[in-house]
Each structure stands twice: as structure tokens, then as C-alpha cells.
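Below is one structure, written out as C-alpha cells; comments come after it.
The values are calculated or read from the model by the stated rules, or taken from the named source; none is laboratory data. Nothing here was measured: the structure is a model prediction, and the numbers come from that model. Glycine also receives a Cβ, built like all others from the backbone with ideal geometry; neighbour counts cover every protein chain displayed.
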Amino acid sequence: MHTYDLVVVGSANADLVVRVERRPGAGETVLGSDLATHAGGKGANQAVAAARLGAGTALLARVGRDAHGRLLADSLGEAGVDTSALLTGGAPTGVALITVDPDGNNSIVVAPGANARLTPEDVERAEGLLAAARVVSLQLEIPLDTVAAAVATAARNGTRVVLNPSPPVPLPAEVLAACDPLVVNEHEARFLLDLAGDPAADASSASPEQWAEALLATGPRSVVVTLGAAGAVLADATGAARVASPRVEAVDTTGAGDAFTAALAWRLGLGESLTEAVRLAVRVGAAAVTRPGAQESYPTLDEVAAR
């Protein structure tokens, strides 16, 4: 019996956002808008996005005993996320410094803070939580050894693993082997393929379908490459396919990838095929970019259907 559709193990940050006419170059100063503070972090974003869609969701993360930590706990609770595994202390809450240009594109620098103190021991103590989930979703804004511990715990309990390796780092073979799917954007795909010495890392001579198939050969059970407004490409043992995204006017792309991954993981946990799950995920990601912010931009399932 599964208590949760999705358990997310990952980061929780305060997003400090400034809108700019253009993002600064090296050594350059530009003036921006008033500072806006939002609840964010890839882990918390995924948990909120899934809960908004109707998934039974819990988050294992760590925040500081500070105002940003309270902001995150409140945001998660209001979205319907189970926060019983939200740990506090060890360092200040993580912070993401985000600039957003008029086209909705962003640049992000993350100060991990308490996220860096989420440990394998924390995961071990939460084994019952992971075992009660259909799917465990992970990212890389927490220590890699903690991610590896969560993957091992999920595998031990027969729980499906979805991993977005962001920010990208070299992944242990046992982590890659558990991913079903590995979810990457274009930058992350090229990074991992370059590590593997694969010529498909050269964007000028390889298609996204080739990226996906080349990444599949590195060990994961399935792969999804997100392409922004162009949709996504998926690959598994049956081959590669592309799913188009609906056309929308982008306001802010912050957190859109997290909304995509959350929707994908939820629907896979419900038993949908990878293609079916990606079809919903691209629609959820597209809806998320039409509103500013990360968590506050995430749609309900009814809002997605209305589009």
C-alpha cells in the first residue's frame, strides 16, 4: 500500500528575484526591479507542483531556523505537501539569487545553506517515508552522497526513481542505473555526454533524439531531454520519440523544469507510459512559464485541462 504518490528528496530555498532589462556581463552592474522573495528550491518546487496537480506528496529536505525556513514551511503546507520530514537547523536556509530578463529567461546562483546539511543519515531515518512512495524524485542541490543514499533506499524498497541532475555533476554508475527516467535539459545533456566522451555532446552535429539515445547508453533505464518551448524528447528500450509543447507567451521560466519533472514523476507513479507522462508534463511546464515566480506559478490539473 502506497501512502504517497510522490516523495521528493531535495532542496528548499528562498528565491530572491530581481527583474532586469538585460542580464549583466562579467564585471558589469545593471539596475533592476525591487527585490521579490519567493519560496523555491528544486525539491520544494517539485513537491508543490505535484501537490497542486493533486498528487499525494511529501518532502524530505532541510531548512534553517529562520524567516526563510518559515516561508518555505508555510508555502509547502498551503499547497498540501506533507512536511513531517522537513528538517530544521544546521545552517541558514538556502538562497537562490535570480535575475529575470524581459523574455522570461533567468540566471541563477544558489547558496546551498541548510541543503548541504541534508545527510545520508537523514535519508536512513526516513526510509519508511521513501518505502511508502510510488516514486522518489531527486535533484542535485543536495549532497551527492545523500542522493546516492536515497537512490539505494528507494531501490531496496522497490520505489521508482526519477532524477534531474541539476546542477550537473558526474554521477555514480549505481545512481545512473536506477534512474527511470533521467531528466535533463539541453545543457545537462551535453555536460553528461561530454563526460562520457560521446560525440553526441556536440550540439552542432547531434539532434536531441541522439542525445537521449546516447544518454540511455550510459546506464539509466529511460531518459527525458527537455527542450523548453520545443517540448521534450524521450528514450527507453523501445526507441526515442519527441513530444511537442503547446505555444504560450513566456513571462518567467523560473521553476518550469521542476513543474515538468513533478508532473512526469506523478503520472509515472500512476502507471502511465513514459510517453503519456511526458505529454502531460510539457503542458504543465508550459502553463508554469505564463506566470511570474516558481511555486506561485504552478497550475492545478483543472487549469492545465482548461488550456
- prompt: If only one of 222, 204 is over 20 Å from residue 7 (Cα atoms) and either modelled with pLDDT under 95 or crowded, with 17+ Cβ neighbours inside 10 Å (or both), which one is it?
  reply: 204
message: Tell me the residue from 64, 27 that is surrounded by fewer than 24 Cβ atoms within 10 Å (Cβ to Cβ), farther than 21 Å from residue 288 by Cα and either touching a Lys or Arg at 6+ places or on another chain (Cβ under 6 Å) or modelled with pLDDT under 95 (or both), please.
response: 27
- prompt: So is residue 273 among the polar types (S, T, N, Q) and either in contact (Cβ under 8 Å) with a residue 24 or more places away in the chain or farther than 19 Å from residue 212 by Cα (or both) or not?
  reply: no
- request: Pairs only if they're at least six apart or on different chains, beta carbon under 8 angstrom, first in segment 166-179 and touching a residue at least 40 places away in the same chain (Cβ under 8 Å) and under 18 Å from residue 257 (Cβ atoms), second among the polar types (S, T, N, Q) and part of a loop (DSSP other than H, G, I, E, B); list them, first residue then second.
  value: 166/139; 179/222
Subset of segment 249-288 [surrounded by fewer than 23 Cβ atoms within 10 Å (Cβ to Cβ) and within 17 Å of residue 108 (Cβ to Cβ)]: 250, 251, 253
- line: Residues of segment 228-254 being on the phi > 0 side of the Ramachandran plot and either part of a loop (DSSP other than H, G, I, E, B) or in contact with a His (Cβ under 9 Å, 6 or more places away or on another chain) (or both), in sequence order, are 231
message: within 26 Å of residue 265 (Cα to Cα), surrounded by fewer than 21 Cβ atoms within 10 Å (Cβ to Cβ) and of a type in the set (A, V, I, L, M, F, W, C): which single residue out of 86, 71, 118 fits that description?
response: 71
message: Restricting to segment 131-152, count the residues that are surrounded by fewer than 22 Cβ atoms within 10 Å (Cβ to Cβ) and not small (Gly, Ala, Ser).
response: 5
- request: Filter segment 1-23 for residues that are more than 30 Å from residue 88 (Cβ to Cβ) and either free of Cβ contacts under 8 Å to residues at least 40 places away in the same chain or of a type in the set (A, V, I, L, M) (or both) and give the result.
  value: 20
task: Take the residues in segment 179-201 that are under 18 Å from residue 166 (Cα atoms) and acidic (Asp, Glu), then tell me which one is surrounded by the most Cβ atoms within 10 Å (Cβ to Cβ).
output: 188
task: Please determine, by comparing only the residues of segment 123-158 that are more than 20 Å from the chain's Cα centre (by Cα) and in contact (Cβ under 8 Å) with a residue 60 or more places away in the chain, which one is nearest to residue 13 (Cα to Cα).
output: 126
query: Can you spot a residue in segment 91-103 that is of a type in the set (D, E, K, R), more than 19 Å from residue 8 (Cβ to Cβ) and either touching an Asp or Glu at 6+ places or on another chain (Cβ under 8 Å) or surrounded by 24 or more Cβ atoms within 10 Å (Cβ to Cβ) (or both)?
result: yes
- request: Starting from segment 93-114, keep only residues that are on the phi > 0 side of the Ramachandran plot, then list their pairs with residues that are among the small types (Gly, Ala, Ser) whose Cβ atoms are within a distance under 6 Å, requiring at least 6 positions of separation or different chains.
  value: 104/250; 113/91; 113/94
